[in-house]
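Read through the structure below, which is laid out as structure tokens, and then see the notes.
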Amino acid sequence: MKVVLLKDVKDMGRAHTEVEVSAGHALNFLIPRKMAVPATAGALKQAGLRVQQVVDRKELDVKLVEDRLAVLAEEKVTITKKANEQGHLYDGVDAKELAEAAQLPEEVIKLEKSIKELGTFDVPVAYGANFGKFSVEIVAE
């Protein structure tokens, strides 16, 4: 039986793709749990439209990240945190906090470990095949 997956299913396929499964598996497991629908002409057309929407959204996200990185290349992001006399932060700056300060999605920031000192740091960014970086300055309160 052919079905169109509504969600990613392990060892079966990605969402919005058509797969061939046994009728029992489709009728007793996938369809009742709203993981798939029968592969009708309407379902296949709708799946194609959803795939195109995902592709368009990814292209738009890449464009927005590239534009934001171009702006960040000219300016420096500043984050204010509490620190001791030696310049060590009480609470480290992680990717989530950097993403909020830089107005970027958290998944594009590729920080190996959190920043735990005062100073200026280059933060690597990767989105798809694109790479870049921006500067962040951590200052004491």
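The values are calculated or read from the model by the stated rules, or taken from the named source; none is laboratory data. Treat the numbers as computed from the prediction; the structure is a model and nothing was measured. Glycine gets a Cβ as well: all are built from the backbone with ideal geometry, and neighbour counts include every protein chain shown.
Being touching a residue at least 60 places away in the same chain (Cβ under 8 Å) and in a helix (DSSP H, G or I) is the requirement here; does Asp61 meet it?
Judged against the criteria, Asp61 is a match.
Counting just the residues of segment 117-141 that are within 29 Å of Gln86 (Cβ to Cβ) and assigned to a loop (DSSP other than H, G, I, E, B), which one comes out modelled with the highest pLDDT?
Checked segment 117-141; the qualifying residue modelled with the highest pLDDT is Leu118.
Hey, any hits in segment 87-110 for a residue that's in a loop (DSSP other than H, G, I, E, B), at pLDDT 90 or above and surrounded by fewer than 11 Cβ atoms within 10 Å (Cβ to Cβ)?
No, there is no match, as no residue in segment 87-110 is in a loop (DSSP other than H, G, I, E, B), at pLDDT 90 or above and surrounded by fewer than 11 Cβ atoms within 10 Å (Cβ to Cβ).
Any residue at all in segment 65-79 that is part of a strand (DSSP E or B) and surrounded by 14 or more Cβ atoms within 10 Å (Cβ to Cβ)?
yes
Among the residues in segment 36-49, are any charged (D, E, K, R), modelled with pLDDT under 90, closer than 27 Å to Asp8 by Cβ and not assigned by TED's automatic domain parsing to the domain that holds Lys113?
Checked against the condition, which is being charged (D, E, K, R), modelled with pLDDT under 90, closer than 27 Å to Asp8 by Cβ and not assigned by TED's automatic domain parsing to the domain that holds Lys113, segment 36-49 yields no hits at all.
Filter segment 28-58 for residues that are under 15 Å from Val4 (Cα atoms), in a helix (DSSP H, G or I) and of a type in the set (Val, Ile, Thr) and give the result.
Val51
I'm told Ala39 meets every condition in (1) exposed (fewer than 14 other Cβ atoms within 10 Å of the Cβ); (2) free of Cβ contacts under 8 Å to residues at least 60 places away in the same chain except one. Can you identify the failing condition by its number?
(1)
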